[in-house]
Amino acid sequence: MAFSAVIVAAGAGLRAGPGEPKAWRPLAGKPILRWSVEGLLAAGAADIVVVAAEDRLAGLEEALAGLPRWRGTAGGATRAQSVRAGLAALPASQEQPILIHDAARPFVAAEHVERLLAALATADGAIPALPVPDTLKRGDRHVDATVPRDGLWRAQTPQAFRSAPLLAAYAAWPTGEEPTDDAQVLERAGGEVALVPGDPLLMKLTWPEDFAMAEHLAGGRRITRTGFGVDAHRFGPGDAVWLCGVRIPHTHGLVGHSDADCGLHALTDAILGAIGEGDIGQHFPPSDPQWKGAASDRFLAHAAALAAAQGGRVLSVDVTLICERPKIGPHRDAMRTRLAEILALPLRRVSVKATTTEGMGFTGRGEGLMAQAVATVETPA
Ligand code: MG
């Protein structure tokens with residue numbers, strides 16, 4: 001779903017200690033503000049208004065160099081004034097949902113935005129919120145009371161809103177009063193605000209020590225993804241089969257447009273699956289004559305290259321070949337070695353297994369051969 005976004009970066013961030021306003025401080029070599037803009041662009045933002053202090057507007061060009069679909073506008077003395085300025089800078093015909101985000105939460109990602117936009121199906125607004133894990137006390141120098149934390153939530157940003165109710169709520173909000181967040185403006189106007197699961201990674205960089213933690217996260221924020229692949233080919237005339245990049249003499253060959261290497265095809269699909277890049281048929285259509293008789297190691301190498309293009313790397317692979325014959329055992333080490341070569345992996349992270357189906361089914365009757373594969377791939381989150 002298309003959406004617009006207002007990113008508020010006009011605050012001085014006095015609690016963050018000396019130095020530049022926090023949105024402008026570098027995090028892993030990029031201004032924190034840029035992280036937020038990139039995160040919302042990656043989530044599909046159609047246009048973004050960045051609200052910055054007047055004397056910082058010129059600096060936006062450098063901080064956001066090369067990024068599309070954003071424009072800057074000057075903020076006001078308070079956060080609410082800055083949000084109003086941002087909303088005013090959106091196209092007048094604005095109808096798509098509006099996300100309002102604090103620049104100082106740099107780790108916003110597509111998954112956060114998806115949850116929020118989905119919640120707008122049944123509410124005027126949606127906010128990411130986390131339960132409060134710590135016991136809450138009220139007091140000054142001594143505890144006056146313990147505050148029940150049932151039903152209490154920590155509200156984060158981005159906060160998502162249907163356009164019309166949000167704009168109407170801001171129009172009705174008294175100018176002299178400062179809301180603590182944007183959802184409050186909608187709440188006051190009687191709008192319904194949905195709670196969706198928040199994320200510790202949406203933390204707001206506030207105190208000096210937050211920046212060190214963010215540096216650590218920015219360097220190490222990667223996830224492991226798993227993909228699964230299956231392939232089968234029919235036996236036909238021939239004197240050898242190709243499996244996992246190894247030629248094995250046999251009473252038959254395998255029929256296919258390429259070299260019919262089931263093991264490589266299943267593994268290629270497993271890697272493509274792990275990185276969300278479709279399947280082997282999309283990248284190498286059987287209808288394309290250039291893949292006729294092609295050696296399938298190039299398919300696997302291509303999938304690994306696509307993972308690398310996402311900033312990822314294949315961690316480990318596991319292939320199971322399902323057939324009565326040929327016997328896989330004598331060739332297993334050669335297969336592992338070849339897969340390790342193609343993927344530039346240590347041998348210990350490459351597994352090739354074999355099983356029969358005890359004479360049952362098409363593999364049991366020797367009509368064809370099947371392969372299944374799992375790949376784990378580490379990528380940026
Ligand atoms: Mg195939």
Inset, instruction - Being open to solvent by less than 50 Å² (accessible area, probe 1.4 Å) and touching an Asp or Glu at 6+ places or on another chain (Cβ under 9 Å) is the filter; apply it to the stretch 71-95 and report the residue that is nearest to Val185 (Cα to Cα). - result: Ala80
Inset, instruction - For the stretch 140-150, enumerate the residues that are over 22 Å from Lys204 (Cβ atoms) and either open to solvent by 100 Å² or more (accessible area, probe 1.4 Å) or assigned to a loop (DSSP other than H, G, I, E, B) (or both). - result: Asp140, Arg141, His142, Asp144, Pro148, Asp150
Inset, instruction - Please tell me if Arg225 is over 20 Å from the mean Cα position of the chain (by Cα), away from the ligand (no atom under 16 Å from the Cβ), open to solvent by 30 Å² or more (accessible area, probe 1.4 Å) and not aliphatic (A, V, I, L, M). - result: no
Legend entry - Cross-chain or 6+ apart pairs with Cβ under 8 Å, the stretch 64-77 first and assigned by TED's automatic domain parsing to the domain that holds Ala10, then among the polar types (S, T, N, Q): Gly75/Gln81; Gly75/Ser82; Gly76/Ser82
Inset, instruction - Examine the stretch 361-368 for a residue that is under 26 Å from Val255 (Cβ atoms), open to solvent by less than 40 Å² (accessible area, probe 1.4 Å) and free of Cβ contacts under 8 Å to residues at least 12 places away in the same chain, and state whether such a residue exists. - result: yes
Inset, instruction - Can you give me the number of residues within the stretch 230-256 that are within 14 Å of the ligand (Cβ to nearest atom), open to solvent by 70 Å² or more (accessible area, probe 1.4 Å), without any contact (Cβ under 8 Å) to a residue 60 or more places away in the chain and not aromatic (Phe, Trp, Tyr)? - result: 1
Legend entry - Contacts under 6 angstrom Cβ, first residue in the stretch 275-301 being open to solvent by less than 50 Å² (accessible area, probe 1.4 Å), partner part of a loop (DSSP other than H, G, I, E, B) and at pLDDT 95 or above, 6 or more apart: Ser296/Asp261; Asp297/Gly245
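The values are calculated or read from the model by the stated rules, or taken from the named source; none is laboratory data. Since we're looking at a predicted model, the values are computed, not measured. All Cβ positions, glycine included, derive from the backbone under ideal geometry; neighbour counts span all protein chains shown. In case anyone asks, the SASA skips ligands and DNA or RNA and just uses the protein heavy atoms, side chains included. Shrake-Rupley method; radii C 1.70, N 1.55, O 1.52, S 1.80 Å.
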